[in-house]
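Here is the structure we will look at.
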Amino acid sequence: MDCTQDILIFLGPPGAGKGSLSRLCVERLGWQQISTGNVLRHHIAQRTELGKAVQEVIDAGKLVSDELVAQLVHDWLTQPVSSTNPVILDGFPRTANQARLFEEFVSRHADRFRVRVIHLAISLDALVERLEHRIVCSDKGCQTVYSLKEGSKLAPQQEGICDLCQNSLIRRADDEIAAVRQRLSLYQTHEQELLEYLQSVNRSIVSVPVDRELLAVFQLLTDKLEEKVL
Ligand code: AMP
């Protein structure tokens, strides 16, 4: 029996659409997703010890420690397997050091995982605009992303209410303009080093332009993965 599980690292700045694209892959392809940002926000909402420890860092748009997020992801990937469908890593690794910790983890489970990197490419201007218009479901189990931009297909059907679970929609504290700029510049500081590291360990990197509608991005992604043979 082939027990290899695909891991797809969605690599892209805040606002690139990692969450929305992941959700579509989950719904349409049956893939699984772990978003480190969502897991951390869930801890904050539940007021766990971990949540209390990371709240200030997250609200300020800074990064929590590499070891902590790496452990969250490794624990998730080694929990008793309910499905061997592909897993999307959304928001991890974010630094070269996290990638190094992840490579060590993967090499300890050599036969189990096959890792590919999906690089979501978008300009800085488009990103700032997206983040300025972004609102999310306040329910920490849901966290669906919407856009208030005029004419956007991601607009909620009813103003201020989540289409999926009917909870209220809110702005994330770290989507306020000062924190957005902080997060984007932090991301850029790390991205180049991260990509260079992943190339140095011969990870296959598929680049997908995401400056277009979500469904078009999804189609591009699936086409590109098919080309590379899933
Ligand atoms: P996100 O929802 O992916 O934008 O993540 C929201 C926040 O969670 C980030 O700004 C960080 O404070 C924290 N976070 C999420 N993933 C990571 C990660 N891989 N490394 C460090 N901090 C993270």
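Every number here is computed from the coordinates shown, using simple stated rules; none is lab data. As the structure is a computational prediction, the values presented were derived from the model and not from experiment. Every residue, glycine among them, receives a Cβ derived from its backbone with ideal geometry; neighbour counts consider all protein chains shown.
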Original post:
Roughly what angle does helix 96-108 make with the longest principal axis of the chain, taking Cα atoms, 0 to 90 degrees, to the nearest 10?
Top reply: 40
**OP:** Sort the chain into rounded, prolate or oblate with this rule: let a ≥ b ≥ c be the square roots of the eigenvalues of the Cα gyration tensor; rounded if a/c is under 1.5, and if a/c is not under 1.5, prolate when a/b is larger than b/c, oblate otherwise.
**Re:** rounded
**OP:** Give me the angle, in degrees from 0 to 90, between the Cα long axis of helix 36-46 and the longest principal axis of the Cα atoms of the chain, rounded to the nearest 10.
**Re:** 60
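In debye, nearest 20: dipole of the stretch 1-85 around its Cα centre with unit charges on the Cβ of K, R (+) and D, E (-)?
Working: 7 positive and 9 negative charges, 69 e Å.
Charge dipole, the stretch 1-85, about its Cα centre: 340 debye, nearest 20.
Using the structure shown, list the pairs from Lys62/Lys153; Lys149/Lys228; Lys140/Lys228; Lys18/Lys224; Lys149/Lys224; Lys18/Lys153 with a Cα-Cα distance above 27 Å, or answer none. Display every interim value, and only then the final one.
Values: Lys62/Lys153 30 Å; Lys149/Lys228 35 Å; Lys140/Lys228 35 Å; Lys18/Lys224 16 Å; Lys149/Lys224 29 Å; Lys18/Lys153 16 Å.
Over 27 Å apart, Cα to Cα: Lys62/Lys153; Lys149/Lys228; Lys140/Lys228; Lys149/Lys224.
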Subject >> Extension gain from Ser204 to Lys52, taking 0.36 nm per residue of separation minus the Cα-Cα distance >> reply: 51.0 nm
**OP:** Report the extension gain between Arg181 and Asn85 in nm, rounded to one decimal, defined as 0.36 nm multiplied by the number of residues separating them, less their alpha carbon distance.
**Re:** 31.0 nm
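Within the P(r) computed for the stretch 54-171, what percentage of the Cα pairs occupies the region above 18 Å?
Of the Cα pairs, 66 percent sit more than 18 Å apart.
Please sort by residue number the trypsin sites (Lys or Arg not before Pro) in the stretch 71-139 whose DSSP state is loop and whose Cβ has at most 16 other Cβ atoms within 10 Å.
On the way: sites: Arg94, Arg100, Arg108, Arg112, Arg114, Arg116, Arg130, Arg134; in loops: Arg94, Arg112.
Here the sparse-neighbourhood loop sites are Arg112.
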**OP:** Taking the Cα centre of the chain as origin, sum charge times position over the Cβ atoms of Lys and Arg (+1) and Asp and Glu (-1), and report the length of that vector in debye to the nearest 20.
**Re:** 160
Original post:
Once amide H atoms are built 1.01 Å from N in the peptide plane, which residues 5 or more positions from Ile135, or in another chain, come under 5 Å H to H?
Top reply: Tyr146, Ser147, Leu148
Original post:
How would you classify the stretch 1-54 from its alpha-carbon gyration tensor, with a ≥ b ≥ c the square roots of the eigenvalues: rounded for a/c under 1.5, else prolate if a/b is greater than b/c, otherwise oblate?
Top reply: prolate
Original post:
Hey, how many Å between the Cα centroid of the stretch 80-129 and the Cα centroid of the stretch 192-230?
Top reply: 11
Original post:
Tilt of helix 66-77 relative to the longest C-alpha principal axis of the chain, in degrees (0 to 90, nearest 10)?
Top reply: 70
Original post:
Out of every Cα pair in the stretch 124-230, what percent are spaced more than 17 Å from each other?
Top reply: 66
